Amino acid sequence: MEILAPAGDIETARVALNAGADAVYLGMTRFSAREGAANFACEELREIILHAHLLGAKVYVCLNTLVKDSETDGFFEAARTAYESGADAILMQDIFLGKALKAAYPQMILHLSTQAGCCNVWGARLAKEYGFSRVVLARETALEDVEAIARIIETEVFVQGALCACFSGQCYLSSFAGNNSGNRGRCKQPCRKRYTIDRAGYEEYAYALSPSDLSLGRRVRELQERGVCSLKIEGRMRRPEYVAAAVSYYRSALQGKPSAERFDRLASAYNRGDYTEGIAFGEQNFLSRNVQGHIGREVGVVSFVQNRPFCASARQFCKGDGFKILRGGKEVGGARFAGAGKGGFFLESESRLKNGDRVRVTTDTLAGERATEGKRLRPLSIRIRMAAGERPVIACGDFTFTGSEPLQAAKNAPLTAEAVIENFCKVDGLPFAPEITAETDGVFAPKSALNALRREFYAALCARLDPPRPRLPETAFSAAVQKGRETRTAVIAVQPVRGDIVVYKTLSALPEEGKERFCYLPPYFTGADALAYRDAIQSSDGIYCDGYYGIELAKEYGKPLFAGTGFNLTNAFAVAGVKAAGAKYYALSKELCAKEQAALTAQGAFALSAGDIKVMDLVFCPFGRDCKTCDQRERYTLTDEDGRRFPLRRYGRIGACRFELYNCAPLAAYNGVSGALVDITVCGDTSLAEGAAENGLPNATAGHKNRSML
């Protein structure tokens, strides 16, 4: 199995490779879903790809954001640059752009990002049909579905790092709260803020949507048995010592002996909430409600020695180390190392510490240095012959390099074999560990000439070990949307509604109301869900789906497809692609402005225009699945510290409850060109079904109508 490590910058990439990563994934300066990372300019990209390839490792380049129509030329150029730089695969969110890219350049290897939400066999089949070689599975994917998908296509699974509260690719909370789209790599993480919920026991502010970090070191054999080929570590925004510790820990786990010491080093480097094994392995109570951010690793408790706070601990710490202090499970402040003492160390803190407070290390300087101190080098056996009247010959394996000029006999101070060996041991930053033998017969070579010869040899050897890619032919990419105007209104509802097109959220047979009745399918859809939704699908006139998998599922049922807002259609390639795939209707991205939507409007095009704005799909229970004491309400209210109230709806108890979160304000944003898609799931305002309200909705927002997502 491959250990795949994150790299937000070149230093972290080198550390990951030194720690033993089989591959690293990273972003360029555009189209990266981690825009806050340093990312890689072209020269750095070529440098780290060469470094990785010389060590036998791979580099995957992330171009995994949504791409606007005005940006597609830049996107294709970025993909060409990544490939020509030696990237082993391109990681993408937009499956339709991927299809166009693969058609033009079949030699490119494409991986479908977790942002595409692949979690079932229908999504896997579509990815393979469109030319993708691998899918990065949604973190919520059920184990039985992981195994089924692995029989279709290569699978990559997250095993370590941050979990998103929302199903990947379907979070719009940051986008609608502050115009910073998670689908564009700019998420401001509102899920990590504090909220109350109007349910007994949840009235106090807490981190009500903030999951603990994932850690599956004990489960790698099970994943291997299910057919997973790559273990992915999350963390392009995290420090080098975290990446090194994670790679080291998973290397030991793959060897069948997950090291407690390595796990401790990993937990000290970064962990949020003391870890969870996630939904796939049956955990539902995995929120870190009391502590946000790095919780560290517990090292002792506070006592007082000579009226100074002290922590008894067998572990050694030093100046620069930092700690988090917990009391009653809640964070009360931070502390710093303030000197060693007998059997422990002293602390200093701006907070008032008390006896019994729990001390957790969050910055362990020595452990960080140990994690990043290793070097991974490629052994080389080099033979050098330098004889008067002959050109120098340097051999490494089956590669032979011959200098351009014959050597001269020395008049005095002949070049010794030791001097040649010393010179060629300088590898100019390349990851080589050469063993060198040299033969000379009294030749002379100036130091500058010897240095130049060494550089020429190593450059030629690198070109042999990692040949440069040929330039790709420039292709004129184009996609046309046959313009048209849609005047109908489509309504998403849970109750019977009159209308031309009604999308019903139900597991039962659909109501008779509506000229065309579509069954709503959520973005997270398992094999078990397929059985549960069968009656609803069969009684429908078509399928409305919020995930790419709907294309294949609609074909299987022989039903018309309404591609929902979850398809995140943001460019002409995506619109042309979904129509070519057979969609009868399609909804444009709700993050586009009206002008951008108008440019992508054809017959059958809809845009979310009024009513509710779903901003999150939650596959987990925010109440920890305490089913015995649960009040089983369908509706709750999530309230932030600014007093904004977000409707939280429970739905679809297939194995476990799932939830949808809606924006704090309703939408009134009819663009006048596309058909109006109206969502009345929580507001229940059936009058909106008669036509999209451009005005008249109290306290409404225009959403992105006048201002597209950043």
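Scanning segment 567-613 for residues that are open to solvent by less than 10 Å² (accessible area, probe 1.4 Å), more than 21 Å from residue 478 (Cα to Cα) and out of contact with any helix residue (DSSP H, G or I) (no Cβ under 8 Å at 6 or more places or on another chain) gives 585, 606, 609. Could you tell me whether segment 463-482 includes any residue that is of a type outside the set (Asp, Glu), in contact (Cβ under 8 Å) with a residue 60 or more places away in the chain, in a helix (DSSP H, G or I) and open to solvent by less than 40 Å² (accessible area, probe 1.4 Å)? Within segment 463-482 (the criterion being of a type outside the set (Asp, Glu), in contact (Cβ under 8 Å) with a residue 60 or more places away in the chain, in a helix (DSSP H, G or I) and open to solvent by less than 40 Å² (accessible area, probe 1.4 Å)), the answer is no, since none of the residues qualifies.
For segment 383-399, the criterion of being on the phi > 0 side of the Ramachandran plot and touching a Phe, Trp or Tyr at 6+ places or on another chain (Cβ under 9 Å) is satisfied by no residue at all. Can you tell me which residue is most open to solvent (accessible area, probe 1.4 Å) among those in segment 102-113 that are among the aliphatic types (A, V, I, L, M) and farther than 18 Å from residue 154 by Cβ? Across segment 102-113, the extreme among qualifying residues is 103.
Only residues that are touching a Phe, Trp or Tyr at 6+ places or on another chain (Cβ under 9 Å), touching a residue at least 60 places away in the same chain (Cβ under 8 Å) and either open to solvent by 10 Å² or more (accessible area, probe 1.4 Å) or not in a strand (DSSP E or B) (or both) were counted across segment 653-678, and they come to 5. Condition first: touching a residue at least 40 places away in the same chain (Cβ under 8 Å), assigned to a loop (DSSP other than H, G, I, E, B) and in contact with a Ser or Thr (Cβ under 8 Å, 6 or more places away or on another chain). Now tell me which residues in segment 263-291 satisfy that. Selection gives 271, 272, 273, 274, 275, 277, 286, 288, 289. Considering the conditions (1) under 20 Å from residue 402 (Cα atoms); (2) open to solvent by 60 Å² or more (accessible area, probe 1.4 Å), residue 453 is excluded by exactly one of them, (2). Taken over segment 515-574, residues that are in a helix (DSSP H, G or I), over 19 Å from residue 129 (Cβ atoms), in contact (Cβ under 8 Å) with a residue 60 or more places away in the chain and not small (Gly, Ala, Ser) amount to 2. I'd like the full set of residues that are open to solvent by less than 20 Å² (accessible area, probe 1.4 Å) and assigned to a loop (DSSP other than H, G, I, E, B), limited to segment 292-312. Those that are open to solvent by less than 20 Å² (accessible area, probe 1.4 Å) and assigned to a loop (DSSP other than H, G, I, E, B): 293, 295, 296. With respect to the conditions (1) in contact with a Leu (Cβ under 9 Å, 6 or more places away or on another chain); (2) open to solvent by 30 Å² or more (accessible area, probe 1.4 Å), residue 415 falls short on a single one, namely (2).
Does segment 313-327 hold any residues that are open to solvent by 60 Å² or more (accessible area, probe 1.4 Å) and in a strand (DSSP E or B), and which are they? Once the filter is applied, which keeps residues that are open to solvent by 60 Å² or more (accessible area, probe 1.4 Å) and in a strand (DSSP E or B), segment 313-327 yields only 327.
Residue 87 satisfies every condition listed in (1) over 26 Å from residue 145 (Cβ atoms); (2) among the hydrophobic types (A, V, I, L, M, F, W, C); (3) outside any loop (DSSP other than H, G, I, E, B) except (3). Select from segment 138-185 the residues that are more than 14 Å from the chain's Cα centre (by Cα) and of a type in the set (Phe, Trp, Tyr) and list them in ascending order. If the condition is that a residue be more than 14 Å from the chain's Cα centre (by Cα) and of a type in the set (Phe, Trp, Tyr), then 172, 176 are the ones that fit. Among the residues making up segment 201-234, those that are out of contact with any Ser or Thr (no Cβ under 9 Å at 6 or more places or on another chain) and not in a helix (DSSP H, G or I) are 209, 216, 231, 233, 234. If you go through segment 347-375 and keep only what is part of a strand (DSSP E or B) and crowded, with 18+ Cβ neighbours inside 10 Å, you end up with 347, 358, 359, 360, 361, 362, 363. Taking the stated definitions as given, is residue 58 touching a Ser or Thr at 6+ places or on another chain (Cβ under 9 Å) and open to solvent by 10 Å² or more (accessible area, probe 1.4 Å)? No; evaluated as a whole, the condition is false for this residue. Do we find that residue 184 is open to solvent by less than 30 Å² (accessible area, probe 1.4 Å) and within 19 Å of residue 613 (Cβ to Cβ) in this structure? It is true that residue 184 is open to solvent by less than 30 Å² (accessible area, probe 1.4 Å) and within 19 Å of residue 613 (Cβ to Cβ).
The values are calculated or read from the model by the stated rules, or taken from the named source; none is laboratory data. What you see is a predicted model, and the numbers here were worked out from it, not measured in a lab. Note: ideal-geometry Cβ built from the backbone for every residue, glycine included; neighbour counts use all protein chains shown. Quick note on the areas: whole protein, heavy atoms, side chains included, nothing else; ligands and nucleic acids left out. Shrake-Rupley method; radii C 1.70, N 1.55, O 1.52, S 1.80 Å.
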